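Worksheet: one structure, shown below.
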Amino acid sequence: MNNNNLSPEIYRVIDANLNRLKEGIRVVEDLQRYLHNNKELSQKLKHLRHLAIFEDIDALLKHRDSINDVLRSSMDDELQREDLKAIVVANFKRAQESSRVLEELFKLHTLKESEKFKHIRYELYDLEKEIIKLF
């Protein structure tokens, strides 16, 4: 299936999960960069964030409807974090879950894209194990 056959709803899911994936990675990346001054881990995270792209940005923006998102309001547990480690864990999980959603949805588009998001997910699992030890 090519991207012209994706429904508006699928574009919305792809858009939301791309944003969620990149945002989750960015939180951890910035903590490694500015808190731990860890160039190597920061660069690995930045590389993954830059891999998380979909070429048809116009289609994503056309179908974005964040105003009407039924879960736009934050849940109580999303508003509370005990410490920096909890922030790192929450953002790794956010990014891993989003990459899994993208991996599955891109099976409808192209297996190459699906495999890219699978690769990102497994890299995140490895980085999480390494970075959690720093907190």
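The values are calculated or read from the model by the stated rules, or taken from the named source; none is laboratory data. None of these values were measured; they are calculated from a predicted model. Reconstructed Cβ throughout: ideal geometry from the backbone, glycine too, with neighbour counts over all protein chains shown. Heavy atoms of the whole protein, side chains included, go into the accessibility calculation; ligands, DNA and RNA do not. Shrake-Rupley method; radii C 1.70, N 1.55, O 1.52, S 1.80 Å.
The table for this structure:
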read-out: Lys, Arg +1 and Asp, Glu -1 on Cβ, resulting dipole of the stretch 90-135 about Cα centre, debye, nearest 20; value: 60 debye
read-out: With every protein chain in place, the chain: carbon and sulfur % of accessible area (1.4 Å); value: 50 percent
read-out: Relative contact order (%) - criterion: Cα under 8 Å, at least six apart; region: the chain; value: 34 percent
read-out: Gyration tensor (alpha-carbon) shape descriptor, the chain, a/c threshold 1.5; value: oblate
read-out: Rounded FRET efficiency, nearest 0.05, which uses the C-beta distance separating K129 from D83 and R0 of 22 Å; value: 0.75
read-out: ³J(HN,Hα), Karplus 6.51/-1.76/1.60, whole Hz, each residue of the stretch 119-135, x for Gly, Pro; value: 4, 4, 4, 5, 5, 5, 4, 5, 5, 4, 4, 6, 6, 4, 5, 7, 10
read-out: Under the Karplus curve 6.51 cos²θ - 1.76 cosθ + 1.60, θ = phi - 60°, whole-Hz ³J(HN,Hα) for the stretch 36-53, x wherever Gly or Pro sits; value: 9, 6, 9, 5, 4, 5, 4, 5, 4, 5, 4, 4, 4, 4, 6, 6, 7, 10
read-out: Theoretical gain in end-to-end length, N5 to R100 [0.36 nm per residue, Cα-Cα removed]; value: 32.1 nm
read-out: Förster radius 22 Å - calculated FRET efficiency between H47 and T110 (Cβ-Cβ, nearest 0.05); value: 0.55
read-out: Most positive-pole-ward Cα, S66, H36, N17, against dipole of the chain from beta carbon charges; value: H36
read-out: Residue of D58, D15, D30 that the Gaussian network model of the chain assigns the largest fluctuation, springs spanning Cα pairs under 10 Å; value: D58
read-out: Within the stretch 91-135, backbone nitrogen closer than 18 Å to the virtual label 7 Å beyond the Cα of E40 toward Cβ; value: 123-135
